[in-house]
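Notes follow the structure.
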Amino acid sequence: MALASAAVITGTASADPATWSVSPGGAFTGEAGETILTTESGVELFCTSSDASGTAESGTGLSNPLASLPEGGVTFNDCQGPFGLTFEVAHLGTWELNGVSYDGSDVTTGTLDNITAQISGPACEATVTGSVNATYTNSTGTLSVLPEQTLTISTVDPSNDCLGLITQGEAAGFSGGYAISPQLTVTSP
């Protein structure tokens, strides 16, 4: 399942930089090829493509969040899993992109927070929640969601349990790379 696909930045740094600069800011879109949700038990749910739209802050001296993705702003296409399982993914609530660190030359790390995604299809109803780590590379305009298992399968409908492939409370990781347009520049002094 390709669910949290639009994340801007990753990290385990102990403190956010005091300020950020983002240009040009405003509305942006993102396009990704295949996105994959991998559960801690090794089950892979994938979507052949994903699109994102949101709004980035603009200017200097900015604090987090640096961008937001409103409900429905992230879509996933042609989603499948093992045994012919097909499903759709709904982006719920506003997801926020937060900066954590900047390498001083090209790459910002951070998190995409407040993720809630509903998986729905024949024989499958589940919700995934949490945050993902990501990087944004200025020179390529690519937002890369890292596959670390930082999400949680928070609910699974016992009568529509995705063929028993996923378990409530299980950790999951999401991966995908989004080409952002217009290309943003994100830095921190």
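Equivalent ellipsoid semi-axes for region 98-189, as square roots of 5 times the alpha carbon gyration tensor eigenvalues: give them largest first, rounded to whole Å. Intermediate results must be reported in sequence, preceding the final value.
Values: eigenvalues 214, 32, 17 Å².
After diagonalising the Cα gyration tensor, the semi-axes are 33, 13, 9 Å.
What accessible area per residue, rounded to a whole number of Å², is obtained for the chain using a probe radius of 1.4 Å?
That works out to 40 Å² for each residue.
With a 1.4 Å probe and all protein chains left in place, how much of the accessible area of the chain comes from carbon and sulfur atoms, in whole percent?
For the chain, the apolar C and S fraction of the accessible surface comes to 51 percent.
Determine, for each peptide in 160-167, 121-128, 174-181, the mean count of other beta carbons within 10 angstrom over its residues, then list the peptides with the highest first.
The peptides rank, most packed first, as 174-181, 121-128, 160-167.
Would you tell me the accessible area of Val89, worked out with a 1.4 angstrom probe on the heavy atoms of the protein chains, in Å² to the nearest 10?
That residue has around 20 Å² of solvent-accessible surface.
Give me Rg/Rg_expected for the chain, where Rg uses Cα atoms only and Rg_expected = 2.2 N^0.38 Å with N residues. All intermediate terms of the calculation are to be shown ahead of the outcome.
Details: Rg = 16.1 Å, N = 189, 2.2 N^0.38 = 16.1 Å.
Rg over 2.2 N^0.38 Å, computed on Cα atoms: 1.00.
Expressed as a rounded percentage, what relative contact order does region 20-174 have, with Cα pairs under 8 Å and six or more residues apart?
18
Step through the residues of region 134-151 one at a time and calculate ³J(HN,Hα) from phi using the Karplus curve (6.51 cos²θ - 1.76 cosθ + 1.60, θ = phi - 60°), rounding each to whole Hz and writing x for Gly and Pro.
Computed from phi, the couplings for region 134-151 are 7, 10, 10, 9, 4, 5, 10, x, 10, 9, 10, 7, 7, x, 4, 7, 10, 9 Hz.
Any idea which of Gly81, Pro65, Leu163 is furthest toward the positive side of the dipole for the chain, if Lys and Arg beta-carbons carry +1 and Asp and Glu beta-carbons -1?
Pro65
With the Cα gyration tensor of region 58-113 in hand, give its eigenvalues times 5 under a square root as the equivalent ellipsoid semi-axes, listed largest first in whole angstrom.
With the √(5λ) rule applied to region 58-113, the semi-axes are 31, 15, 8 Å.
Amide H neighbours of Glu170 under 5 Å, counting only residues 5+ apart in sequence or on other chains, H built in-plane at 1.01 Å?
Amide H neighbours of Glu170, under 5 Å, 5+ apart: Ile153.
Name the residues whose placed amide hydrogens come within less than 5 Å of the amide hydrogen of Thr185, ignoring near sequence neighbours (fewer than 5 apart) on the same chain.
Ser23, Gly25
The values are calculated or read from the model by the stated rules, or taken from the named source; none is laboratory data. Worth saying up front: this structure is predicted, and the values here are computed from it rather than measured. Here Cβ is always computed from backbone atoms with ideal geometry, including for glycine, and neighbour counts include all displayed protein chains. We work out accessible area using only protein heavy atoms, side chains counted, and drop any ligands, DNA or RNA first. Shrake-Rupley method; radii C 1.70, N 1.55, O 1.52, S 1.80 Å.
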